[in-house]
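Data block below; observations after.
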Amino acid sequence: MLGRANNLRAGLFAAVTVCSATPWSSPGVALLLGLSFGLCNLNPAAGLTAAGSKWMLKASVVGLGFGMNIGAVFRTGQATLLYTGWGIALGVLLGLTLGRALSVSRNAAYLIAVGTSICGGSAIAAVAPIVGADDDETAVSLSTVFLLNAVALFAFPAIAGHLGLSQAQFGLWAAMAIHDTSSVVGAGLKYGAASLAIATTVKLVRALWILPVSALTAIVLRSRGRVGVPWFIALFLGAAWMRSALPEADPVWKFCATLARGTLACALFLIGASLSVASLQRVGWRILAQGVLLWVVVAATSLILIERGWIHL
């Protein structure tokens with residue numbers, strides 16, 4: 001009887017893993033499904049999920065490079081490259097400061113800082129293997145940014161409408177203060193077509209900072225003897241270069257990027273499934289507090305600067 005129950009649990013686990021990677025799912029949904037398994041202690045293969053998630057994260061980061069046309073993004077986003085660069089630098093610095101003040105572990109504090117400052121789950125997926133973050137730190141960091149993404153999707157258009165922001169102003173604000181691209185696109189679409197176009201372009205420019213930030217992280221940690229060269233970041237850059245150099249193969253690159261998003265969803269599901277109530281208690285509430293405080297400061301500061309015209313297209 002017990003064996004039959006375990007087989008049923010394993011079958012359900014495998015089915016949900018596959019479903020997490022379908023086009024109807026999303027990274028946030030996949031992580032939520034995984035958390036439901038992990039927190040209910042329904043994960044029949046915790047060791048396999050922990051090992052598999054690390055490799056799937058790296059593979060998905062490489063594949064996401066096929067979704068970035070570096071040349072096109074830079075041509076259309078040169079005006080905001082400086083804004084996004086300074087914003088990311090200050091965001092990471094503030095995030096680490098908050099993490100230290102709240103006694104958050106160094107790895108988790110850095111994941112929250114990078115995820116909030118650059119592009120949410122993708123940035124965390126890229127940096128987590130470089131810094132050697134464990135599954136608990138990665139899962140809680142991802143859960144925090146996805147939770148804030150969901151809030152931003154509804155809150156940002158409402159706040160902007162109340163303040164009377166223009167389409168251009170809202171597009172800039174959404175791109176600079178919302179974590180993940182999917183939520184930036186969703187919020188921009190709610191506010192208007194012009195806002196959507198601006199938000200998407202600026203967000204892609206912001207996402208490109210994954211490359212220098214990941215490389216700099218690896219260089220610093222390598223100098224301390226902690227990690228080697230992150231091969232998957234080099235492959236990510238190669239994938240983005242191929243997409244830019246061979247636009248005639250765009251259908252192939254789109255397929256690769258779509259497949260990578262599915263792989264990322266599966267990886268996030270596995271990470272969520274490996275998180276238990278005990279491990280969540282070990283990590284503590286401080287990561288969530290750091291993520292919320294950092295996001296509020298970044299969102300409020302960027303809104304004020306945009307309203308006053310200090311940040312503009």
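Structural remarks
- FRET efficiency, Arg106 to Ala193 (Cβ-Cβ, R0 51 Å, nearest 0.05): 0.75
- Size of charge dipole - segment 107-229 - debye, nearest 20, with Cβ of Lys, Arg +1 and Asp, Glu -1, no other charges: 360
- Pairwise FRET efficiency - Trp310 versus Ile159, Cβ, R0 = 25 Å, nearest 0.05: 0.85
- Each of His179, His312 was scored by other Cβ atoms within 10 Å of its Cβ. Listed from fewest to most, they are His312, His179.
- Each of Ser117, Ser244 was scored by other Cβ atoms within 10 Å of its Cβ. Arranged with the fewest first, they read Ser244, Ser117.
- Between Val252 and Leu221, residue separation times 0.36 nm minus the direct Cα-Cα distance comes to 7.6 nm.
Bear in mind that the values in this text are calculations on the coordinates, not laboratory data. All values reported here derive from a predicted model rather than from experimental measurement. FYI the Cβ positions are ideal-geometry reconstructions off the backbone, even for glycines, and counts take in every protein chain you see.
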